[in-house]
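The values are calculated or read from the model by the stated rules, or taken from the named source; none is laboratory data. Remember, it's a predicted structure, so these values are computed and weren't measured experimentally. Counting neighbours? That spans all protein chains shown, and the Cβs are built from the backbone with ideal geometry, glycine included. With ligands, DNA and RNA removed, areas are computed over all heavy atoms of the protein, side chains included. Shrake-Rupley method; radii C 1.70, N 1.55, O 1.52, S 1.80 Å.
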Amino acid sequence: STPTALSRIVTPLAKGSRYYYRLYTENIAGRSTGFATSDEESISVPNPPTISADITSELEITLTWAAPTDTGLGEGVAPQRALTGYVLEVTQEDTPAPASPTFSVLYANFSEAPGATTRVLAGLVKGKTYFARVRASNDAGTG
């Protein structure tokens, strides 16, 4: 780094690996002993969870989802360690509905705890089509 640099991007980093950093200063007299140590775990936004819907009555559905296979810390890392929660979004369309909804106008929006796996949607309107998506969140963001 140049003497005026205040930041440095270090790449590539492997997800789920722990990295240790130590900051030194250096001038013609030599190098400092080091200060501002930090350890960080490399993390990215999680993959989307899988979601399914069961019709429980004429105007009610139960949405169920499973944690993503990649929680942002790498394949197979326990979801309870990596995830901070889920964002569940539901949009309502007139029937016949488009093949791919935009989710630009939401019928419902829920923040779910990391251990949540279901949500019942009741009071739905007859003649409407509903689309739902669930996205997992961690310290890097929502995927």
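Side notes on the structure shown:
- Residue in the range 103-119 that is over 20 Å from the mean Cα position of the chain (by Cα) and touching a residue at least 40 places away in the same chain (Cβ under 8 Å) present: no
- Across the range 22-39, not a single residue is classified as assigned to a strand (DSSP E or B), at pLDDT 90 or above and either aliphatic (A, V, I, L, M) or touching a His at 6+ places or on another chain (Cβ under 8 Å) (or both).
- Pairs linking a residue in the range 1-20 that is more than 16 Å from residue 71 (Cα to Cα) to a residue that is open to solvent by less than 90 Å² (accessible area, probe 1.4 Å) and at pLDDT below 70, with Cβ atoms under 6 Å and 6 or more positions apart or on different chains, are 20/39.
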